[in-house]
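What follows is a short report on a single structure.
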């Protein structure tokens, strides 16, 4: 019959396609894949998944195969005879009640075992990290070291880490697909999740997501996890626990100024010209904006990558910015209605003053800046060491940062960070910023200041 | 059931019961889940309130030093519970009076106590009295500082008992409607089913209160 | 072979007496068949709305970093897509069949409470409009169909959006509950003589189970919503985290309702398929008692597994294990159903009508949804799957591959009974294959997107994450589904005027409803049948066939036969309107609350004190 043969072709193609997709999925083109775990927790889950997939595939093939067989074998033929009017068969029915029960046994037993192993109390000596979910960014604290950071976690490989999850507002969910399963971040409740990144790994970066719908910018609540060698971690943490190195470097006069690229036309919309529009700091945080028409000065992080003994006052280990894989670099286009004056030079020292007298300090903390003690927004102490802004929304480069400070709400829907640029339209308040708005020069100065906070 | 020449009479039912009777049982089943949800919420939130007053414990406001006594007044509520229990008894008598209206009075052995009007009034008044107790309870709680917005206990307590009170109110209105019919044309055995359904509802509301009284007031 | 007693005649007679058509007749109807048609047409209209919402979502996600719609509007779209498809499409489509079929299948002249039935419909229509219209003004609910607190509380959702959702669902709950009381009573009490419980057609059985799920599950969501409503309007603190509230309270209440809701959505489709498969295989349903018991068991177990939606919230190892095992148990009766359907087809003489293709489509596709369901019944594995696109794939295989495929099977099967005309098989064939291909192309790649780390409910995603191809495939698939739906609607409306005349039993089916003329006369059964078999037209005794012969006669009116029918009445509609006025008052002006309450009380009294039908002699 026509339909059945078509179905056969379709079935074969479908299965072939599915297999091809599945095999493809195992390759590294899939940076967030759950099929290639990199922690013992991930592997526990993956073991279960493999079994579920195997049994599921067998059941799938058997049922769909039997269905196709029945359809072909018992299709109505020319002789339209009344088929035997069977009503049932107790033995057969008992058998096919027992078969699924039997199969489920092979799932149930390892499931329960894995539940208890993965939810057991964490081993002593684990690295404690407090995770606090905010609409829509992540606060991470290392109580052991007194470090507070945002949207980026550094983990030493081989050491168990215990995440303590709390929410500041609504429910979020903490998920690093390559390192294991997710766990909800629930208000008025403390959850834990622990895992051990594989000790054999080279320094790597993983994407993390908020997996529970948490409002307008749920899609933009991402974070990065850097799994690094223990000594690199030690260097990073040693530096992060102190105040920003701004003071030290500013005295050299190098980090304090920002030069302006050639050209002064207003920026066109889109990413391509964004770099040209923004103030460039002499020591940008290691990555240039895609399509930027200026070449940034050599990134200090290239040197730091090999840095094994951080000197006091100099930036500690940071995952080399130029080694960031594509999947860890945000590619979000800038909304067309946010532009920035070209050709401005930012001055970090001036920026610190502007920052300290502007609304910024009401929400942000910068250790070492006594004015800046707000605790509503992310801690910016080592802001310059981070790879993204807006919780994984944009690269942390001067061009993006300038636009972000100017009108964050146009760049990320509904966020708390207000629109600060003078005469900018605030899409939440639905008004233009008039009094107290920052002009582009002031923003350029703040950019220079913040970017220098390594 | 009307006798009919047809093999299947117009109001034939599979069970022989009137459909309304089955529907009210289904409704009561559904209402059980409603009150189970409310009572569970109350119990889950018990002891989770950040500020007082509390049902059974003393609480001192750390900012003002004001001492809040345990708020539940069990003797008063026992009285109102008793009233509601009595109303169920009146309801039974009202139904009996309606069912047996046509049986001559003073028949030895199955003498009918009172009239349907008397017992319907008694039930409705007992229900209204219970509501009066509840109104008194609510106002005194508000005076003592417990409002529906005060804490989790206030929210769950007022919502639970308020829902029950709304059910009692609906029941009283139902009873008054039956009474008005009784005054207009008299309730007789043909109305027994209507009264029976009202009675089922009334008893259900009563039983729910017993659960609430036990779990909210008596259980510490 | 004994099929219908009367042969199909190439005429189509009016179902209703002249003067009983026109808008007023529809507004005042208490006839279960007309109400069924109203449900069907309304639900199909909402299907278009929900479908458009889905397509906009797919356009947005077709490529990375797209901003076809804003984040805010996207969140409204996915919220309303879910809410619409669940509460305004699949449930009412099932209700259309409950209304149309249950009385016909059990040999009744109407449902137990015809006016209550009309009330249910009007409440559904008004509630549906109440919750749907805001999207046209971009103020639609935006908290997800699951409305997790505290996101939906006033501090985090200050706008009017969530108000529409809370109240809309309350209103729709009233409709579902009223209908459920009605159908429970109808099935228990209005079965024709001889129609024992174990002779009831499988659709009626599955509907029966569903009604119990409705009356037990809906009060729970009602209370959850009452808390949210009170929080938002009267300042209670049920979900107020600053006051120490536990956000999991909402989740527990919601999923105690939400999981039975899944079976509310899928069991009617199972019932329809259990009618369709035997008909076109020319064989009775295999293992009828087991099918009944498995349906009941699914319903009962459905109340014990709600927390498998919450494996990520940190309930602890013991609770996780318990709910995992309970969930796995449900796989057994579900598996049995699949096997029994296949056994029904085996040894049969299968005719591949459009209806049959959709029914087989359900068996094939629901199996996939079932398998992925078992995959996340295992909590550790679920922690990688939950809130990812894997779940989106899973429940679309259940709700599209299950419910929608089953409902389409039912539509092609029963439209001839409703309208007297067949739908076109050739167009139906196109509809089926495009749906089948489009459906798989849309939803199968989502399994991969999810396992490759794509979270749900994101309005956009970045490039370079390895999700681009899968999303493009899904979007193309959804466009194919649009084409398929256009063909369906064309076929559906075309058949009303130009479809082939069906006759009483075009498919040579065996159950009671096929003994009646098509369309079914107002009074359904000229004589209430006496039933002696599960398939009266296939294996019935002389008694069955005699009833069928009388009942298949066309052209008689109720007056000819001396059958008393209920009065038409507008009162249910007015009560329903009063409910809407009252809820609208909460978000506009208090005056309307009192006005609505007055309308409800007044019209309710008038309704209850007026007789249903002319006095019986």
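Condition check ((1) within 14 Å of chain C (Cβ to nearest Cβ); (2) at pLDDT 95 or above; (3) under 26 Å from residue B:61 (Cα atoms); (4) out of contact with any strand residue (DSSP E or B) (no Cβ under 7 Å at 6 or more places or on another chain)) across all residues:
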{"residue": "B:107", "(1), (2), (3), (4)": "no, no, no, yes"}
{"residue": "B:112", "(1), (2), (3), (4)": "no, no, no, yes"}
{"residue": "B:122", "(1), (2), (3), (4)": "no, yes, no, yes"}
{"residue": "B:130", "(1), (2), (3), (4)": "no, yes, no, yes"}
{"residue": "B:157", "(1), (2), (3), (4)": "yes, yes, yes, yes"}
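Taken as a whole, the structure leaves residue C:550 outside the set of residues that are in a helix (DSSP H, G or I) and touching a helix residue (DSSP H, G or I) at 6+ places or on another chain (Cβ under 7 Å). At least 3 residues being in contact with a strand residue (DSSP E or B) (Cβ under 9 Å, 6 or more places away or on another chain) and touching a residue at least 60 places away in the same chain (Cβ under 8 Å) is the threshold, and among the strands (runs of 3 or more DSSP E) wholly inside region A:46-153 those reaching it are A:137-142, A:147-150.
Quick one: how many residues across region C:449-469 are facing chain A (nearest Cβ under 9 Å), surrounded by fewer than 24 Cβ atoms within 10 Å (Cβ to Cβ) and either assigned to a helix (DSSP H, G or I) or at positive phi (or both)? Matching residues across region C:449-469 total 4.
Within region C:425-448, being surrounded by fewer than 20 Cβ atoms within 10 Å (Cβ to Cβ) and more than 9 Å from every other protein chain (Cβ to nearest Cβ) holds for C:425, C:426, C:427, C:430, C:434. When A:242, A:181, A:215 are checked against the criterion of being farther than 15 Å from residue A:38 by Cβ, within 13 Å of another protein chain (Cβ to nearest Cβ) and not in a strand (DSSP E or B), A:215 stands alone in meeting it.
Within the option set C:578, C:596, being in a helix (DSSP H, G or I), buried (at least 18 other Cβ atoms within 10 Å of the Cβ) and free of Cβ contacts under 8 Å to residues at least 24 places away in the same chain holds for one residue only, C:596. Selection over region C:192-210 of residues that are in contact with a helix residue (DSSP H, G or I) (Cβ under 7 Å, 6 or more places away or on another chain), within 12 Å of chain B (Cβ to nearest Cβ) and under 20 Å from residue C:299 (Cβ atoms) gives a count of 2.
Applying the set (1) within 12 Å of chain B (Cβ to nearest Cβ); (2) farther than 30 Å from residue B:146 by Cα to residue C:273 leaves exactly one unmet item: (1). Among the residues making up region A:321-349, those that are in a helix (DSSP H, G or I), crowded, with 19+ Cβ neighbours inside 10 Å and more than 14 Å from chain C (Cβ to nearest Cβ) are A:321, A:348. Filtering region B:25-46 for residues that are in a loop (DSSP other than H, G, I, E, B), more than 9 Å from every other protein chain (Cβ to nearest Cβ) and at negative phi leaves a non-empty set.
With respect to residue A:170, is the statement that it is within 14 Å of chain C (Cβ to nearest Cβ), touching a strand residue (DSSP E or B) at 6+ places or on another chain (Cβ under 9 Å), in a loop (DSSP other than H, G, I, E, B) and within 29 Å of residue B:49 (Cβ to Cβ) true? When the stated conditions are applied, residue A:170 passes them.
Residue under question is residue C:181, and the condition is that it be crowded, with 24+ Cβ neighbours inside 10 Å, within 7 Å of chain B (Cβ to nearest Cβ) and part of a helix (DSSP H, G or I); does it hold? For residue C:181, the condition - crowded, with 24+ Cβ neighbours inside 10 Å, within 7 Å of chain B (Cβ to nearest Cβ) and part of a helix (DSSP H, G or I) - is met.
Within region C:321-359, the set of residues being within 7 Å of chain A (Cβ to nearest Cβ) and outside any helix (DSSP H, G or I) comprises C:346, C:347, C:348, C:349, C:350, C:351, C:352. Just so you know, in region C:28-68 the residues that are part of a loop (DSSP other than H, G, I, E, B) and more than 25 Å from residue C:481 (Cβ to Cβ) include one that is farthest from the chain's Cα centre (by Cα), and it is C:28. For region A:99-119, a residue qualifies if it is more than 8 Å from chain C (Cβ to nearest Cβ) and more than 16 Å from residue C:374 (Cβ to Cβ), and the qualifying residues are A:113, A:117.
If only residues of region C:302-320 that are surrounded by 20 or more Cβ atoms within 10 Å (Cβ to Cβ) and away from chain A (no Cβ under 11 Å) are counted, the one that is farthest from residue A:213 (Cα to Cα) is C:302. Being touching a helix residue (DSSP H, G or I) at 6+ places or on another chain (Cβ under 8 Å) and buried (at least 20 other Cβ atoms within 10 Å of the Cβ) holds for only one residue in B:131, B:178, and it is B:178.
The residues on offer are A:137, A:96, and the sole one that is facing chain C (nearest Cβ under 9 Å) and surrounded by 15 or more Cβ atoms within 10 Å (Cβ to Cβ) is A:96.
Of all the numbered requirements in (1) surrounded by 24 or more Cβ atoms within 10 Å (Cβ to Cβ); (2) part of a helix (DSSP H, G or I), residue C:82 misses one, and that requirement is (1).
Number of residues in region B:139-155 that are more than 14 Å from chain C (Cβ to nearest Cβ) and either within 17 Å of residue B:40 (Cα to Cα) or touching a helix residue (DSSP H, G or I) at 6+ places or on another chain (Cβ under 7 Å) (or both) equals 0.
Considering only region C:136-150, I want to know if a residue exists there that is in a helix (DSSP H, G or I), touching a helix residue (DSSP H, G or I) at 6+ places or on another chain (Cβ under 7 Å) and surrounded by fewer than 24 Cβ atoms within 10 Å (Cβ to Cβ). No - not one qualifying residue is present in region C:136-150. Inside region A:184-196, residues that are surrounded by 23 or more Cβ atoms within 10 Å (Cβ to Cβ), facing chain C (nearest Cβ under 8 Å) and in a strand (DSSP E or B) make up a count of 1.
Scanning region A:354-371 for residues being assigned to a helix (DSSP H, G or I), surrounded by 15 or more Cβ atoms within 10 Å (Cβ to Cβ) and free of Cβ contacts under 8 Å to residues at least 40 places away in the same chain gives a total of 2.
The values are calculated or read from the model by the stated rules, or taken from the named source; none is laboratory data. Values in this document were obtained by computation on a predicted structure and should not be read as measured data. Don't worry about glycine lacking a Cβ; one is built from the backbone with ideal geometry, like all the others, and counts go over all protein chains shown.
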